[in-house]
Amino acid sequence: METTMREAVERLWPEIEWIEDPDLREQVTQTWIKALERSPLDPDDLLEIPFTLLVPDCPSSFMQHKRCVVHIARPSALAMQEFLGDALAIDLDTVIAGAILADVGKLLEYEKVHGEVRQSDRGKSLRHPFTGVALALECGVPDEVCHIIAAHAAEGDLVKRSTEAYIVHHADFMSFLPFKNLPR
Ligand SMILES: [Fe+2]
């Protein structure tokens, strides 16, 4: 059965529904649709390919990891709002949208050759924080969310991160770094 890219995005990302602002929800959806349209990967590949090429034979899939990051980031932001909210303004929609979009650029960084995922020539020139921001800006995603995409990974260590970007960065890294230490 043929499915539209919108349906594919809704299937991959039920968490988009967590975004309260309908405009932001649509911008996030459009960014993922555009990424899938331009990617050599198809939606089902994301259920199987490793989430990173920085861990040899990484045993967790792209979607397992990406959804885990969103599921860590949202309750983290809520806990910080509850206990630190008087001192620190945190926008929940920005955290959720940023976490959902942080790695959207990997759809333009990776390619599949003979069943093996590898970094494409474009990916070598422009890692996913850069291609992710380009895609998101095209779809009208606000700057504070693009900031999270730009600053979520190691490149962002040179950036003065927003509170929301710190939350997504740590959610991402706490579910990435342990894989680098797995015994093999
Ligand atoms: Fe990333």
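The values are calculated or read from the model by the stated rules, or taken from the named source; none is laboratory data. Values in this document were obtained by computation on a predicted structure and should not be read as measured data. Here Cβ is always computed from backbone atoms with ideal geometry, including for glycine, and neighbour counts include all displayed protein chains. To get the accessible areas, we keep the full protein, side chains included, count just its heavy atoms, and leave off ligands, DNA and RNA. Shrake-Rupley method; radii C 1.70, N 1.55, O 1.52, S 1.80 Å.
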Exercise for the section: Please list the non-local residues whose amide H lies under 5 Å from the amide H of Y110, H modeled 1.01 Å from N, same-chain partners needing a gap of 5 or more. Expected result: S120
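Quick check for me: using +1 on Lys/Arg Cβ and -1 on Asp/Glu Cβ, what's the dipole size of the range 40-184 about its Cα centre, in debye to the nearest 20? Write down the numbers at each step before the final one.
Details: 13 positive and 21 negative charges, 93 e Å.
In total the dipole reaches around 440 debye.
Can you give the extra length, in nm with one decimal, that the chain gains between D44 and E82 once fully stretched, where that is 0.36 nm per residue apart less the Cα-Cα distance?
Numbers: separation 38, 0.36 × 38 = 13.68 nm, distance 3.76 nm.
Extra length from D44 to E82 when fully extended: 9.9 nm.
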Handout entry: Label-zone membership for the range 89-104, site H170, 7 angstrom Cα→C-beta point, backbone N under 19 Å
Key = 89-100, 102
Practice task
Between L108, L36, L47, find the one with the highest GNM mean-square fluctuation for the chain; connect C-alpha pairs within less than 10 Å.
Solution key: L47
Problem - Cα lying deepest toward the dipole's positive end in the range 82-184, options V133, A89, L108, charges on Cβ - result: L108
Practice task
Please find, in a Gaussian network model of the chain (springs between Cα atoms separated by less than 10 Å), the residue of P40, P22, P50 whose mean-square fluctuation is greatest.
Solution key: P22
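Write down the accessible area per residue of the range 32-132 in Å², having rolled a 1.4 Å probe over the full set of protein chains. Present the calculation step by step, with values, prior to reporting the outcome.
Values: 4880 Å² over 101 residues.
Ligands and nucleic acids excluded, the figure is 48 Å² per residue.
Leaving out ligands, DNA and RNA, what percent of the accessible area of the chain is carbon and sulfur, probe 1.4 Å? All intermediate terms of the calculation are to be shown ahead of the outcome.
Numbers: 5110 of 9630 Å².
With neighbouring chains kept in place, the figure for the chain is 53 percent.
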Handout entry: 17 Å reach of a label modelled at D57, 7 Å along Cα-to-Cβ, counting backbone N of the range 158-184
Key = 179-184
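Sum -39500 (n - 2.57) across every DSSP H segment of at least 4 residues in the chain, then divide by the residue count to get the 222 nm mean residue ellipticity, nearest 500.
Working: 10 runs with 103 residues, N = 184.
Computed ellipticity for the chain at 222 nm equals -16500 deg cm²/dmol.
Between V113 and V159, what FRET efficiency follows from the Cβ-Cβ distance if R0 is 25 Å, with the result rounded to 0.05? Each step should come with its number before you reach the end.
On the way: r = 33 Å, r/R0 = 1.31.
Efficiency, from the Cβ-Cβ distance: 0.15.
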Exercise for the section: Report the residue, chosen from E111, E164, E138, that carries the largest GNM mean-square fluctuation when the chain is represented by alpha-carbon nodes joined by springs under 10 Å. Expected result: E138
